[in-house]
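The values are calculated or read from the model by the stated rules, or taken from the named source; none is laboratory data. None of the values given here were measured: they were computed from a predicted structure. Methodologically, a virtual Cβ is constructed for each residue, glycine included, from the backbone with ideal geometry; neighbour enumeration extends over all protein chains shown.
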Amino acid sequence: MQVAFTARRRLSLLALAVCSVSGNAHAGSADPSQMGNERGSALVTAPAMTDQLIIRYRDASAGHFRATLQSMAQAHAVLNQAGVQMQPLRRTADLAHVMRLDARVDARRLADIARAMQAADPDIEYIEPDLMLRPLLTPTDSRYLEQWHYYEATGGLNAPTAWDSSTGSGVVVAVLDTGYRPHADLAGNIVAGYDMIIDTAVANDGDGRDGSALDPGDWTIVGECGGGSGASNSSWHGTHVAGTIAAVTNNAAGVAGVAFGARVQPVRVLGKCGGYTSDIADGITWASGGSVPGAPANATPARVINMSLGGGGACPTTTQNAINGARSRGTVVVVAAGNSNANASNFTPASCAGVVTVAATNRSGGRAYYSNFGTAVDVAAPGGDVRSAATNGVLSTLNSGTTTPGADSYAWYQGTSMASPHVAGVAALMLARNPSLTPDQVESILKSTSRAFPVACSGCGSGIVNAAAAVAAAAGGGSSTVNEVESNNTLATAQAISTTPVTVNGRIASTTDTDYYRLSLNAGATVAATLRPPATADYDLYIYNASGTEVARSRNGTGLADTASWRNAGTAATTVYVRVRYFAGGSGNYTLALSR
């Protein structure tokens, strides 16, 4: 009976994009010959199916819902015409109602049914399919040197310099994922989380919601996730993501984490075949300190939430409401852009408002072949590409079990799932340095301090996240904005910049125009500058020392950002000059982000 029930339920789940496009889920060593292909398809094309519906009434009080039950005959009539029955299942943290259908329905057809139901009942505020989302995969530590994604100048995060100022101490980062395994290189940085999965078949741990976020494994058999779906081994996805954020570091073993002084709060929302939107939304609410019916209060609310998960479609209202609530409580929400090599605006939660959406770059600093792109993307971070060598992926903690848990291991994965926790870790570093930062300020600093792509990366956001520059800017209290003041065409007339981080709004007025900015740099400090020209113009960036000698420059092509930095290695403060110079493309406006 259990097998039959599970197979029926699995057919109801959405077959969506999977972000472990060519991962090695169970490798226990650096030997590429041991690398398996956990999930070989970047995009599953089976139709989206679900057997749950979310309904929220304009008056969401319990009394109103009981009264509304009498008028539910209208909704049932619409469903009957479609050959579907429903019954109440539970309420969400947002007081919406999750309804269970007696059959799986194509999500597009269910959306049509939902519109008809709403037209028949004006008391309904919104109604939407309860979509099933999927994981978005594809120091002294002994394997730190294999973690190129932290320190290499071309494609790395510039984390080592940031660690001189912050390790993320005191910040909790919630990982909404498959749960975690108590890996020896991770367990010391775990705080109590929660299992948000109600459906026992999805949960695969024998029960529904409870206080254990341990990952029992998410392996599947052929057909379990819908018609045409294949078998898969357990991904241990949440353990890999958590290790990137806060693996125990400087313990002479294993790997390092981006914010190794922070704590990870595992919130289990993904199980077999993925996780329901309603469970994920409640996970967002609970992790950020909000109230969820039936769940205990979160004793350690997270300042950062990482969601390396997603699926096709616009941002559901249920998800957006949960994100809005989290942001109102001061929580930064970081999400993966998706691995379908497509416009991120067509995926959720990548397209939701108020989130930091992260694209993936490869070891060369360009867009990873699988990464989603577009205007919804805010920034990029290392996601890896294991096609040529496994070691070009992102190395983190894992488990060796193919189905149920086995021994601790490490593995290289690739995907925007791997890029997102890099950015979540940097956000934790920033908040540890300046706890008063708002979610908007964190996002703004991440964008303004990101470094230019070393190769063309269209639709990848403002740049590759620069951990050191972001932490330095956070310490300054958030970025301000100033306008260029003419005339500033020479060193002698350079515009003084007194406060950083700052974004200068400037303009190149003619082919002979050039703009200088002057600031004081303390001994041992570094000035970082990022120039963003118009899409059709090519402006160049230079840094000069106090005597007017060029010490750094960046001269990328048309429409590409330029980034340059210089460290004052002297024993006293000095003056530095930053110059924006015309090269080609005509006049236009630019922005110049400066930090020190």
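Here the condition is being farther than 15 Å from SER417 by Cβ and in contact with a helix residue (DSSP H, G or I) (Cβ under 9 Å, 6 or more places away or on another chain); of PRO349, PRO316, it holds for PRO316 alone. The set of residues in region 535-547 that are in contact with a Phe, Trp or Tyr (Cβ under 7 Å, 6 or more places away or on another chain) and either among the aromatic types (Phe, Trp, Tyr) or assigned to a loop (DSSP other than H, G, I, E, B) (or both) comprises TYR539, TYR544.
Listed here are the residues, each with its yes/no results for (1) part of a loop (DSSP other than H, G, I, E, B); (2) surrounded by fewer than 20 Cβ atoms within 10 Å (Cβ to Cβ); (3) on the phi > 0 side of the Ramachandran plot.
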site	(1), (2), (3)
GLY459	yes, yes, yes
VAL471	no, no, no
VAL504	no, no, no
ARG507	no, yes, no
TYR517	no, no, no
SER520	no, yes, no
VAL527	no, no, no
THR530	no, no, no
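Select from region 548-579 the residues that are part of a strand (DSSP E or B) and over 36 Å from the mean Cα position of the chain (by Cα) and list them in ascending order. The answer is GLU550, THR574, THR575. Contact map, region 371-388: residues that are polar (S, T, N, Q) paired with residues that are not in a loop (DSSP other than H, G, I, E, B), Cβ distance under 6 Å, separation 6+ or inter-chain. Pairs shown: SER371/ALA359; SER371/ALA360; SER371/THR416; ASN372/ALA344.
Mind checking whether some residue in region 31-49 is more than 26 Å from the chain's Cα centre (by Cα), at pLDDT below 55 and either closer than 22 Å to LEU131 by Cα or in a loop (DSSP other than H, G, I, E, B) (or both)? Outline the logic, then answer.
Narrowing region 31-49 to residues more than 26 Å from the chain's Cα centre (by Cα): 31-34.
After this cut, where a residue has to be at pLDDT below 55 as well, the list is 31-34.
Checking the rest, the ones that are also either closer than 22 Å to LEU131 by Cα or in a loop (DSSP other than H, G, I, E, B) (or both) come to 31.
Looking for residues that are more than 26 Å from the chain's Cα centre (by Cα), at pLDDT below 55 and either closer than 22 Å to LEU131 by Cα or in a loop (DSSP other than H, G, I, E, B) (or both), one finds at least one in region 31-49, hence yes.
Taken over region 554-578, the criterion of being surrounded by fewer than 19 Cβ atoms within 10 Å (Cβ to Cβ), out of contact with any Ser or Thr (no Cβ under 9 Å at 6 or more places or on another chain) and of a type in the set (A, V, I, L, M) is satisfied by ALA569, ALA572. The set of residues in region 376-411 that are in a strand (DSSP E or B) and within 29 Å of GLU443 (Cβ to Cβ) comprises VAL379, ALA380, ALA381, PRO382, VAL394, LEU395, SER396, THR397. Residues in region 485-502 that are surrounded by fewer than 18 Cβ atoms within 10 Å (Cβ to Cβ) and more than 19 Å from THR574 (Cα to Cα): VAL485, GLU486, SER487, ASN489.
Every residue, every condition in (1) modelled with pLDDT of 95 or more; (2) touching a Cys at 6+ places or on another chain (Cβ under 9 Å); (3) assigned to a loop (DSSP other than H, G, I, E, B); (4) not hydrophobic (A, V, I, L, M, F, W, C), yes or no:
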| position | (1), (2), (3), (4) |
| --- | --- |
| ILE280 | yes, no, no, no |
| TRP286 | yes, no, no, no |
| GLY289 | yes, no, yes, yes |
| THR319 | yes, yes, no, yes |
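Residues in region 81-123 that are part of a strand (DSSP E or B), modelled with pLDDT of 85 or more and under 32 Å from the mean Cα position of the chain (by Cα): LEU89, ARG90, ARG91, HIS97, VAL98, MET99, ARG100, LEU101. SER165 falls short on exactly one of the conditions (1) in a strand (DSSP E or B); (2) surrounded by fewer than 19 Cβ atoms within 10 Å (Cβ to Cβ), and that condition is (1).
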